[in-house]
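The values are calculated or read from the model by the stated rules, or taken from the named source; none is laboratory data. For clarity, every value in this text was computed on a predicted model and none was experimentally measured. Cβ: placed from backbone, ideal geometry, glycine included. Neighbour counts: every protein chain shown.
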Amino acid sequence: MSKDRVAITCSLNGILTDPRKHPVPVTPEQMAQSAKEAYNAGASIVHIHFRQQKPGLGHFPSWEPDVAKAITDAIRDACPDIVVNYTTGIMGDAVEAPIQCLEAGLPEMAAMNAGSLNYLRTRQDGNWAWPPMLFDNPVEKIQKMLDAMYRLNIVPECECFDTGIVRSIRMYIENGMLKSPPFVSLVMGVASGMPARADLLPILLDELVDDAHWQTIVIGREEVWPVHRAAAALGGNLRTGLEDTFYMPDGSRATSNGQLIEALVQVARDAGREPMSPQETRQMLGIGEAS
């Protein structure tokens, strides 16, 4: 695929963000509308989390297969071409729940958390913003997730929160756990992970296998956009959405996923690149090819 093309992902809603305070979609209808707006703006992939559908509980995650399927069906009805990408991130070793969601909705892609992270953040007074927790992704858990994805013909998106996890991708391939070429997401801006800094990208890319497809996932405010611009210039794929940021390049608050994708498409075009169509994205990822 030509380097002047770029796959753009919209991260529709994320986990725990309160829809009463932020414009994140929750219901199948809201998810479909938001996906359609992102698609029309230039996104070829939507990354989705599932939320509880009971009134007042939309900021809590759901691992109900029926919810996953209803949301996926609504998105596919609204924009049949778009590539659907599920979250699978779950604490502990209860991988059955996300696997059941994969089986119910059969997305073409799914996030595969490629290593463990102490998930931490402090407030201005030094107290923990939440009780320190371990986002645990041992090799045994990763193997189970990969086995399920390959069984269902789902492309893994390897999410890497620090440099050691990036370096582990090569070993997963050498061990035979992960097929090559991988699709790798460099997750930057989590307080206890890699910082959102454009100058880190050449170092991280030097640690990737040569044929990797990669993108930046950048969490934060004004710092996210310089990283996106650097990723576009270096040939990476791009992702944004209300899971990752609430802020536009000019510092104003984003009102929708479509608005954020429009800004990211402009970043790509400023670097001389155009958004891939969903069909081009599938070709890049080998979706639909015989396994």
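What's the total number of residues in the range 132-163 that are assigned to a helix (DSSP H, G or I) and either at pLDDT below 95 or out of contact with any Leu (no Cβ under 8 Å at 6 or more places or on another chain) (or both)?
So in the range 132-163, the residues assigned to a helix (DSSP H, G or I) come out as 139-151, 163.
Filter once more, so that each one left must be either at pLDDT below 95 or out of contact with any Leu (no Cβ under 8 Å at 6 or more places or on another chain) (or both): 139-145, 147, 150-151.
Total satisfying the criteria: 10.
Considering every residue within the range 197-213, establish whether at least one is within 16 Å of the chain's Cα centre (by Cα), within 23 Å of M171 (Cβ to Cβ), part of a strand (DSSP E or B) and not aliphatic (A, V, I, L, M).
yes
Scan the range 1-45 for residues that are buried (at least 19 other Cβ atoms within 10 Å of the Cβ), among the aliphatic types (A, V, I, L, M) and in contact with a His (Cβ under 9 Å, 6 or more places away or on another chain) and report the count.
Within the range 1-45, residues that are buried (at least 19 other Cβ atoms within 10 Å of the Cβ), among the aliphatic types (A, V, I, L, M) and in contact with a His (Cβ under 9 Å, 6 or more places away or on another chain) number 4.
Just one of the numbered conditions (1) touching a strand residue (DSSP E or B) at 6+ places or on another chain (Cβ under 7 Å); (2) assigned to a loop (DSSP other than H, G, I, E, B) is not true of A38; which one?
(2) is the only condition that A38 fails.
Within the range 87-96, which residues are crowded, with 16+ Cβ neighbours inside 10 Å and either part of a helix (DSSP H, G or I) or in contact with a helix residue (DSSP H, G or I) (Cβ under 6 Å, 6 or more places away or on another chain) (or both)?
Passing the criteria: T88, I90, V95.
Mind listing just one residue for me: the one in the range 220-264 that is within 16 Å of the chain's Cα centre (by Cα) and part of a loop (DSSP other than H, G, I, E, B) and, of those, farthest from V184 (Cα to Cα)?
Selected residue: F246.
Would you check which residues across the range 156-177 are over 19 Å from E140 (Cβ atoms) and in contact with a Gly (Cβ under 7 Å, 6 or more places away or on another chain) and list them?
Of everything in the range 156-177, just one residue is over 19 Å from E140 (Cβ atoms) and in contact with a Gly (Cβ under 7 Å, 6 or more places away or on another chain), namely D162.
Can you pull out every residue in the range 270-291 that is surrounded by fewer than 14 Cβ atoms within 10 Å (Cβ to Cβ) and either on the phi > 0 side of the Ramachandran plot or modelled with pLDDT of 95 or more (or both)?
Correct list: D270, G272, Q279, G288.
Out of the residues in the range 97-131 that are of a type in the set (D, E, K, R) and in a loop (DSSP other than H, G, I, E, B), which is farthest from L178 (Cα to Cα)? Full working, then the answer.
Quick first cut of the range 97-131, residues of a type in the set (D, E, K, R) only: 103, 108, 121, 123, 125.
Now restrict to residues that are in a loop (DSSP other than H, G, I, E, B): 108, 121, 123, 125.
Values: E108: 16, R121: 31, R123: 38, D125: 43 Å.
Across the range 97-131, the extreme among qualifying residues is D125.
Can you say whether G286 is more than 18 Å from P107 (Cβ to Cβ) and touching a residue at least 12 places away in the same chain (Cβ under 8 Å), as far as the supplied structure shows?
It is false that G286 is more than 18 Å from P107 (Cβ to Cβ) and touching a residue at least 12 places away in the same chain (Cβ under 8 Å).
For (1) out of contact with any Phe, Trp or Tyr (no Cβ under 7 Å at 6 or more places or on another chain); (2) in contact (Cβ under 8 Å) with a residue 40 or more places away in the chain, each residue gets a yes or a no:
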{"position": "D162", "(1), (2)": "yes, yes"}
{"position": "I169", "(1), (2)": "yes, yes"}
{"position": "N175", "(1), (2)": "yes, no"}
{"position": "S192", "(1), (2)": "no, yes"}
{"position": "P195", "(1), (2)": "yes, no"}
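From the list I82, I8, I71, I15, which one is β-branched (V, I, T) and touching a Gly at 6+ places or on another chain (Cβ under 7 Å)? Break it down stepwise before answering.
Details: I82 fails: touching a Gly at 6+ places or on another chain (Cβ under 7 Å); I71 fails: touching a Gly at 6+ places or on another chain (Cβ under 7 Å); I15 fails: touching a Gly at 6+ places or on another chain (Cβ under 7 Å).
Within the list I82, I8, I71, I15, the selection yields I8.
Mind checking which pairs have a first residue in the range 84-113 that is hydroxyl-bearing (S, T, Y) and a second that is assigned to a loop (DSSP other than H, G, I, E, B), Cβ under 6 Å, 6 or more apart or different chains?
Y86/P107; T87/H49
State all residues of the range 201-230 that are touching a residue at least 40 places away in the same chain (Cβ under 8 Å) and not charged (D, E, K, R); if no residue qualifies, say none.
Residues satisfying the conditions are I203, L204, L208, V209, A212, H213, Q215, I217, W225.
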